[in-house]
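Heads up, the thing below is written out as structure tokens.
The values are calculated or read from the model by the stated rules, or taken from the named source; none is laboratory data. Just so you know, these numbers come straight off a predicted model, no measurement behind them. Using ideal geometry, Cβ is built from the backbone for each residue, glycine included, and neighbour counts are taken over all protein chains shown. We work out accessible area using only protein heavy atoms, side chains counted, and drop any ligands, DNA or RNA first. Shrake-Rupley method; radii C 1.70, N 1.55, O 1.52, S 1.80 Å.
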Amino acid sequence: MQYRFKDNIFIAIGLFFLTTIASFGYMIGDEEPMMGQSPIAQTYTMDQRKINELPKTDMEEMTIEQIFPAVVNDIEQEVPPVQKAISEQSVDQNATPTAQSQSVKIKHQGHAEVEISQKPKLVIIIDDVTTRKELSDIQGLGMKITPSIFPPSQRSMKSHLLAKGLTHYMIHLPMESSSTQLNTQYKTLFTTDDESKIQTRVKEIRDLFPTGHYINNHTGSVFTANFDAMMVLYKALREAGFVFVDSRTIGASQVKKVMQAFGDDYISRDVFIDNERTICYIHHQLKIAVEDAKRKGYAIAIGHPHHITIEALAKATDILADVELLYIDELYK
């Protein structure tokens, strides 16, 4: 009896020990799939047990947040704020990686698109334009040449009408010179004119040329050399919306000092092309203008509506090949 009791005790202890080992082994085996996994994957594995306990009908009505609350919360926390913002942006699926950079367009002052050119710029102004024929001759060249039109004068009291419908033109304003004969031009401005008279003349020019922006002097060697007179005139021109271009009919011109006093850039003629009326001379002067343009990036040449000047320009294609012809308002805005 005693031995049988001892045997029963040993058997019971053995059974308890085997049961304990089996239970521990099950626990180890159940945790092993989670080893080496991220916290999100481990949470998913642990929540899977709960999923197995859910009735199928209940699962069909549950959201992903309800089934995997821990997983959803962890994902929201792990996504960096910057990546999340990017993922929420609307993206054009048809766009290529370089499409945005290629679509950038160059605009000038927020308006018309401009073509970038590496060529030097040359402006050719034709002064003394008075008649329709002179304007037609210039336009017939098919070049960007700026006509500078006389205000009404003895030559034509209707010359201002030539500007009607034109986009690119100037006004050629008679101003006092050292020549008594030249000073007889209708309504020439004199250094002896008072401020009121000068302002009245500028207002009259504005009324005659409502779309005009650029003015250059006809003769004017005396007037442009007088600092005080030019200050009065330039102030009135600025207030009326005009830009003054110095024809530089005298080396002692004070226009540069006057314009700088107002903080404006000085605009002036570089070359006269037809002081001598021969094709050879005009072509020579055009070559000088082209060289000036190459040297500083741009140049302004002035000629007159003589028949020989028009002919010389028509035959100057090769000379002008290395520059880009512009209207005055395309060079200066």
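Counting only protein chain heavy atoms and rolling a 1.4 Å probe, the accessible areas of 256, 121 rank, largest first, as 256, 121. Dividing the mean sequence gap of close Cα pairs (under 8 Å, 6+ apart) by how many residues segment 195-253 holds gives a relative contact order of 46 percent. Of the solvent-accessible surface of segment 205-283, computed with a 1.4 Å probe and all protein chains present, 51% belongs to carbon and sulfur. Across segment 224-333, Cα-Cα pairs more than 24 Å apart make up 34 percent of the total. 3J(HN,Hα) couplings calculated from phi for segment 186-191 with the Karplus curve 6.51 cos²θ - 1.76 cosθ + 1.60 (θ = phi - 60°) are, in sequence order, 4, 6, 5, 7, 10, 5 Hz; Gly and Pro show x. Ligands, DNA and RNA aside, residue 155 has an accessible area near 130 Å² when probed at 1.4 Å. Accessible surface area normalised per residue over segment 195-319 is 46 Å², counting heavy atoms of protein chains with a 1.4 Å rolling probe. Here the simple spin-label model places points 7 Å from the Cα toward Cβ, and for residue 154 and residue 196 these points are separated by 2.9 nm. Cross-link pairs exceeding 19 Å between alpha carbons, from the set 133/158; 257/333; 133/333; 197/333; 119/294; 119/144: 257/333; 133/333; 197/333. Database remark: amide H of residue 124 closer than 5 angstrom to the amide H of 146, 301, 326 (H placed geometrically; neighbours at sequence offset of 5 or more, or on other chains; Pro and chain starts carry no H). Accessible surface of residue 178, taken over heavy atoms with a 1.4 Å probe and every protein chain present, rounds to 100 Å².
Ligands, DNA and RNA aside, residue 228 has an accessible area near 110 Å² when probed at 1.4 Å.
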